[in-house]
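**Q** My structure is below; once you've seen it, I'll send some questions.
Please treat every number below as a calculation from the coordinates, not as lab data. Since the structure is predicted, the reported quantities are computational estimates derived from the model, not experimental observations. Positions of Cβ are generated from backbone atoms using ideal geometry, with glycine treated the same way; all protein chains shown enter the neighbour counts.
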Amino acid sequence: MNDRKKNISGQIFLPLLFMMIGSTIMIVFSPWQPILNRELDYVGRIGLITILVLLYFLLRKNDTGKKYLAVLYGLIVLMAAVSLDWIVGVYLIDYVGVKDDSPVGWALQKLNEFIVIVTVVITLTKLSRESLGSIYIQRGNIKNGLIIGLVTFGIAAAGSVPMATLFNAKDLSFTRMLPWIPWILIIVLANGTMEEIMFRGLFLRKLEPIVGKFVSNLLVAFVFTVLHGAATYTVDQYLFVAILFPLALTWGYIMQKTDAVWASILFHAGMDIPIILGIFSNQF
């Protein structure tokens, strides 16, 4: 009976811990628009990652706490990744002069995010002596994954112009869009890869042993949707969230079923195309 109570309390505690800390990292210490001013932001980042690391080493000595280590380590990796992304991003904007006033500038900033975040996640995963398969970077069911990914990417790309109306797109003629295509492809593929590895890849397997596949997917989809809940690039926030949450669940389900990240990356990238079309049509 005591073991059962501990198991139930763990299944309740872990989701709450994950949602609370994960949402704090991605909202308060966002790599895109942090809430705190620069000095407090740096202090907060250092303070939170110090607390997470200390908690990790304390739980290593506790038999009950050991089952939370994988999730806690994932949160440390997430905090390190978004913090380095923010620091390097500030450097690019303030000192190198890379601006988001052109499609090329957008692509360079997104490539920077992709390189920083994916490098940190892969490096810290390897340092923990886990395989890249633990974050779904592996062959998996490559045939089904590529079929699903390429088909869904193609469908999303084909419907991107009408879908772009949700993102206030204007005057999307073929002539106007043609010069954007290479930069849009770079942006959506970099963003899809980065976000799928940073969210679903990093956490699905870590959560599964305690809450199961379905709930782990549900938790990650919830945090992912909350993060995008304040997006300013859509004309209907409620409709956007209503569409995004089931999409996030689908990307997680596909990743779990194909046992790899590739299909979810391509599907995600395809669904980002109308967002970028909407943004570009209002800026360039």
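**Q** Rank by packing, highest mean first: peptides 217-228, 39-50, with packing defined as the count of other Cβ atoms within 10 Å averaged across residues.
**A** Numbers: 217-228: 20.6, 39-50: 14.3.
Descending packing order for the listed peptides: 217-228, 39-50.
**Q** How big is the charge dipole of segment 129-279 about its Cα centre, in debye rounded to the nearest 20, if each Lys and Arg gets +1 on its Cβ and each Asp and Glu gets -1 on its Cβ? Mind showing how you got there, number by number?
**A** Working: 10 positive and 8 negative charges, 68 e Å.
With only Lys, Arg, Asp and Glu charged at Cβ, the dipole is about 320 debye.
**Q** Which helices, counted as full DSSP H runs in the chain, have an axial Cα extent of no less than 30 Å and a Kyte-Doolittle average of 1.6 or above? If you can, show how the numbers build up before the last one.
**A** Working: long enough: 2-27 (37 Å, 0.55); 38-59 (31 Å, 1.42); 69-91 (33 Å, 2.07); 103-127 (36 Å, 1.24); 237-258 (31 Å, 0.99); 262-283 (31 Å, 1.03).
Once both thresholds are applied, what remains is 69-91.
**Q** Using just the Cα positions, wrap segment 165-284 in a convex hull and report its mean projected area in square nanometres, one decimal place. Intermediate results must be reported in sequence, preceding the final value.
**A** Values: hull surface 29.5 nm².
Taking the Cα atoms of segment 165-284, their convex hull projects to 7.4 nm² on average.
**Q** Using only the C-alpha atoms of segment 2-283, find the volume of their convex hull and express it per residue in Å³. List each step's numbers first, then the result.
**A** On the way: hull volume 36.6 nm³, N = 282.
Considering the Cα atoms of segment 2-283, their hull volume per residue is 130 Å³.
**Q** Starting with the highest mean, order 261-271, 156-166 by the number of other Cβ atoms within 10 Å, averaged over the residues of each peptide. Present the calculation step by step, with values, prior to reporting the outcome.
**A** Numbers: 261-271: 26.5, 156-166: 16.8.
Output ranking for 261-271, 156-166: 261-271, 156-166.
**Q** Here's another thing I want to ask about it. Amide H of N168: which non-local residues (sequence gap of 5 or more, or other chain) have their own amide H closer than 5 Å, using H built in the peptide plane?
**A** V235
**Q** Then there is this: So how do 197-209, 15-27, 235-247 stack up, highest first, on mean other-Cβ count within 10 Å?
**A** Numbers: 197-209: 22.8, 15-27: 17.8, 235-247: 14.0.
Answer by packing, highest mean first, reads 197-209, 15-27, 235-247.
**Q** Using a Förster distance of 35 angstrom, determine the FRET efficiency expected from the C-beta separation of S30 and V161, and round it to 0.05. Present the calculation step by step, with values, prior to reporting the outcome.
**A** Values: r = 30 Å, r/R0 = 0.85.
Given R0 = 35 Å and the Cβ-Cβ separation, E is 0.75.
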